[in-house]
Structures are given as C-alpha cells and as structure tokens.
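Okay, structure first, notes after.
The values are calculated or read from the model by the stated rules, or taken from the named source; none is laboratory data. Keep in mind the model is a prediction, meaning the values are calculated, not measured. Backbone-built Cβ (ideal geometry, glycine too); neighbour counts: all protein chains shown. Accessible surface is based on the protein model in full, side chains and every heavy atom, while ligands, DNA and RNA are left aside. Shrake-Rupley method; radii C 1.70, N 1.55, O 1.52, S 1.80 Å.
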Amino acid sequence: MNSPAAIVATEADPTPLVLSLARTLRASAQAPELRELIMQTNGAIALRSVTDAQSASLTFDGSGVLVSHGLAHGAEQADLLFDPEYTVGETTDPVGLAAAQLLSPPLPSWREAAAHFWEVNQGTPGFPGRLVLVCLDEEAEIAFGEGGDVYEVHGYGSALSAVLSGQVDHFLYAVAAGAVTVVGSGAHLSAMCGAHWKVRFGG
C-alpha cells in the first residue's frame with residue numbers, strides 16, 4: 001500500500017499554501033475511507049482563497065493527487081475558506097465535493113499530535129530541550145525531553161490537537177486568541193512559532 005507521502009505530491013517549487021494543503025491531504029490519506037476517496041477521484045478543482053490572492057489546484061488521477069499553485073486551466077473553481085481550516089465553498093462539482101471532505105481530515109489525538117510535533121522539532125536550534133503538554137479536559141500531561149530548558153503548552157484536547165498538528169494558521173495567533181496558553185521564555189515562543197510552521201508546511 002502506498003504511503004500518504006506517495007499518494008499526495010506537490011509541484012517542484014511549492015508555495016506555502018500548496019505545502020499546507022498537501023500536509024492536510026496526507027493527514028486524510030491516513031484514514032482508510034478518505035484514502036479510498038482519493039483513489040476513486042479523477043479530475044481537478046481550482047481553489048481561490050477568499051482572504052487574499054492565493055490559489056491552488058488539486059489534480060486527481062485515480063491513483064493520487066498533485067497539489068500545485070494557481071488555478072488549473074479548465075478546472076471548476078471554488079472558494080477556499082480558512083475558518084475553519086480548510087473549508088471549500090459551495091460547489092456541485094464532484095471533484096470539489098471530494099476535495100471538501102479531504103481538506104477536513106479528522107484531528108489526531110492530542111497525544112499523537114504532541115509526539116509528532118516533538119519528533120519533527122527536537123534538536124532544532126532554539127527549540128526547548130523539554131516540552132510539556134497539559135490537557136485541561138483530561139487533567140493529564142505528557143512530557144518530552146529532559147533538562148531545565150522547559151516550555152509548557154496548556155489547552156483543551158481539541159485545541160492542542162489542532163495547534164500541534166499544524167491545522168491553525170500560526171502558533172502565535174493560537175496563543176493570542178487563548179486557544180492555548182504557554183509557560184516559557186519569549187525566545188522559546190519564537191522557536192515554537194518556527195516549529196509550528198515546520199509541521200504545518202512540511203511535517
């Protein structure tokens with residue numbers, strides 16, 4: 001069976017939106033029913049951001065999907081909304097309807113998201129040596145790493161899942177909006193923003 005990375009491809013020089021859409025599609029490809037939907041879909045949908053000039057196209061060939069920037073020639077067009085991320089605007093196009101499902105994958109558990117976040121970022125310059133995640137609704141915590149170089153992220157399970165898996169636009173926005181709260185230095189906050197982008201655009 002092909003891996004999610006093999007099923008979802010990007011153009012040679014992808015934009016941030018292309019990378020983020022590809023990461024979302026790979027998350028969907030981990031769910032058997034959504035993987036099957038990718039393999040059953042043929043055609044293209046062109047997605048226009050409703051907030052800025054960004055656009056991207058998803059081209060399905062019955063064995064996978066290619067994500068590229070811009071509006072594919074001749075493809076049905078649909079709006080792309082970011083709240084909640086990602087939402088495809090109203091469409092009756094079969095490829096658009098498939099894309100709407102595939103761009104709204106189920107969230108991983110907060111523990112799975114935390115483990116992946118740590119795996120991708122541990123050892124990165126400036127990243128904390130010990131990361132502690134506190135889930136408020138479960139009254140539970142998990143920690144990664146060791147030493148006194150500690151950073152804590154607190155939040156409800158669904159918020160931790162969304163933030164740590166890259167399904168929010170920016171780590172700093174999540175903190176500012178109160179989706180999660182943090183305990184740690186300003187330098188580590190900057191590193192966490194970069195770590196979040198690493199997951200969002202390539203993790």
- prompt: Listed residues L133, L164, L80, L58; which is open to solvent by less than 50 Å² (accessible area, probe 1.4 Å) and closer than 23 Å to N2 by Cβ?
  reply: L58
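Quick check on this structure: which one of A174, A99 is in contact with a helix residue (DSSP H, G or I) (Cβ under 6 Å, 6 or more places away or on another chain) and among the aliphatic types (A, V, I, L, M)? Lay out the reasoning, then the answer.
Details: A99 fails: in contact with a helix residue (DSSP H, G or I) (Cβ under 6 Å, 6 or more places away or on another chain).
After applying the criteria, what remains is A174.
I'm trying to understand the selection: among the residues of region 182-194, which are more than 17 Å from the chain's Cα centre (by Cα) and surrounded by 14 or more Cβ atoms within 10 Å (Cβ to Cβ)? Break it down into steps so the answer makes sense when it comes.
Initially, region 182-194 is screened for residues more than 17 Å from the chain's Cα centre (by Cα), giving 182-191.
Within region 182-194, V182, G184, H188, L189, A191 qualify.
Out of curiosity, is A31 hydrophobic (A, V, I, L, M, F, W, C), under 16 Å from the mean Cα position of the chain (by Cα) and over 24 Å from P108 (Cα atoms)? Walk me through how you get there before you give the answer.
Details: hydrophobic (A, V, I, L, M, F, W, C): yes; under 16 Å from the mean Cα position of the chain (by Cα): yes; over 24 Å from P108 (Cα atoms): no.
It is false that A31 is hydrophobic (A, V, I, L, M, F, W, C), under 16 Å from the mean Cα position of the chain (by Cα) and over 24 Å from P108 (Cα atoms).
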Unmet requirement for I45, which otherwise passes all of (1) part of a helix (DSSP H, G or I); (2) touching a helix residue (DSSP H, G or I) at 6+ places or on another chain (Cβ under 6 Å): (1)
- prompt: Taking only pairs six or more apart or across chains, which ones have beta-carbon atoms under 7 Å, a first residue in region 22-45 that is free of Cβ contacts under 8 Å to residues at least 24 places away in the same chain, and a second residue that is assigned to a helix (DSSP H, G or I)?
  reply: R26/P4; R26/A5
query: Quick check: is even one residue across region 152-175 farther than 23 Å from T24 by Cβ and of a type in the set (A, V, I, L, M, F, W, C)?
result: no
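Can you find even one residue in region 108-115 that is closer than 18 Å to G186 by Cα, surrounded by fewer than 18 Cβ atoms within 10 Å (Cβ to Cβ) and of a type in the set (S, T, Y)? Outline the logic, then answer.
Within region 108-115, the subset closer than 18 Å to G186 by Cα is none.
Checked region 108-115: no residue is closer than 18 Å to G186 by Cα, surrounded by fewer than 18 Cβ atoms within 10 Å (Cβ to Cβ) and of a type in the set (S, T, Y).
Select, from E90, E119, the only residue that is exposed (fewer than 14 other Cβ atoms within 10 Å of the Cβ), more than 19 Å from the chain's Cα centre (by Cα) and of a type in the set (D, E, K, R).
Working: E119 fails: more than 19 Å from the chain's Cα centre (by Cα).
Checking each option against the conditions leaves just E90.
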- prompt: Only one of A31, A56, A46 is at pLDDT below 95, within 14 Å of L103 (Cα to Cα) and either out of contact with any Phe, Trp or Tyr (no Cβ under 8 Å at 6 or more places or on another chain) or among the aliphatic types (A, V, I, L, M) (or both); which?
  reply: A31
message: Please go through region 1-36 and give me each residue that is open to solvent by 50 Å² or more (accessible area, probe 1.4 Å) and assigned to a helix (DSSP H, G or I), ordered by number.
response: A5, A6, P16, L19, R26, P32, E33, E36
